[in-house]
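In what follows, a structure is listed as structure tokens, so that the remarks can point back to it.
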Amino acid sequence: MIYRLVVALAVLALIAGLVFLAGAPREAVAPSAAGAPVRDPGYAARGARLVQTGPDGQPLYTLDAAEISQQPDQTTVELSAVQMGFRATGGEPWTARAAHGTLGQDTGIVELDGSVHVAGLLPGTQDQAEISTEHLAFDTRTQIASTSDPVTLSVSGRELHATGLIARLKEGRVQLESAVHGSYLP
């Protein structure tokens, strides 16, 4: 009788040992500093589209890029082969394209660099306008585009060349800063 009890206990111990060893592996818990901030891992994507919408749910602007990336712990997004779409206050569609760009996450400012071309209809007219420069900053909150670099403004086949430009799209105004060359007669 004692022999049967010893054999039964041995079989139970063997079964318990097998269940314990065959169970899911336990993961080691890494020690962490209490209250340590979570580190931003960054990201990257190809063929990406960013859309900023307004309170009405309609797009304020779109950014299409061949590649976008944000490095860890940075507040800017890098863009390559950029195309931006937005609307002036009167609803006129505008597009901007450039070789490179950056988007400030908390600033709403898109910096475009390399063969920048901006095109759209002038408010209240059917006149197509194009702005060409090497660098352009676009503030998405105030809808102001600006550059201090040489710029060409083309409207209805007429060109004006200048150094520096401020385009206030909400007001439908374009101001050439200095060294203006060319003439424009309506």
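The values are calculated or read from the model by the stated rules, or taken from the named source; none is laboratory data. Computed from a predicted structure; not experimentally measured. FYI the Cβ positions are ideal-geometry reconstructions off the backbone, even for glycines, and counts take in every protein chain you see.
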- Query: If you go through segment 142-164 one residue at a time, how many are in a strand (DSSP E or B) and more than 17 Å from ASP127 (Cβ to Cβ)?
  - Reply: 12
- Inspect segment 68-76 for any residue being under 23 Å from GLU171 (Cα atoms) and not β-branched (Val, Ile, Thr) and give the result as yes or no. no
- Query: Can you tell me which of THR89, THR102, THR95 is part of a loop (DSSP other than H, G, I, E, B) and either in contact (Cβ under 8 Å) with a residue 40 or more places away in the chain or in contact with a strand residue (DSSP E or B) (Cβ under 9 Å, 6 or more places away or on another chain) (or both)?
  - Reply: THR89
- Message: For segment 28-46, give me the residue count where each residue is loosely packed, with under 10 Cβ neighbours inside 10 Å and either of a type outside the set (D, E, K, R) or modelled with pLDDT of 85 or more (or both).
- Response: 12
- If the Cβ limit is 9 Å and pairs must be 6+ apart or interchain, which residue in segment 40-60 that is more than 13 Å from GLY85 (Cα to Cα) pairs with which residue that is of a type in the set (D, E, K, R) and assigned to a loop (DSSP other than H, G, I, E, B)? ASP40/ASP73; GLY42/ASP73
- Test each condition in (1) more than 21 Å from THR53 (Cα to Cα); (2) touching a residue at least 12 places away in the same chain (Cβ under 8 Å) for THR125 and report the one that comes out false. (2)
- Test set (1) at pLDDT below 95; (2) not in a loop (DSSP other than H, G, I, E, B) - SER183 fails condition number: (2)
- Is there a residue being of a type in the set (A, V, I, L, M) and not in a strand (DSSP E or B) anywhere in segment 121-128? yes
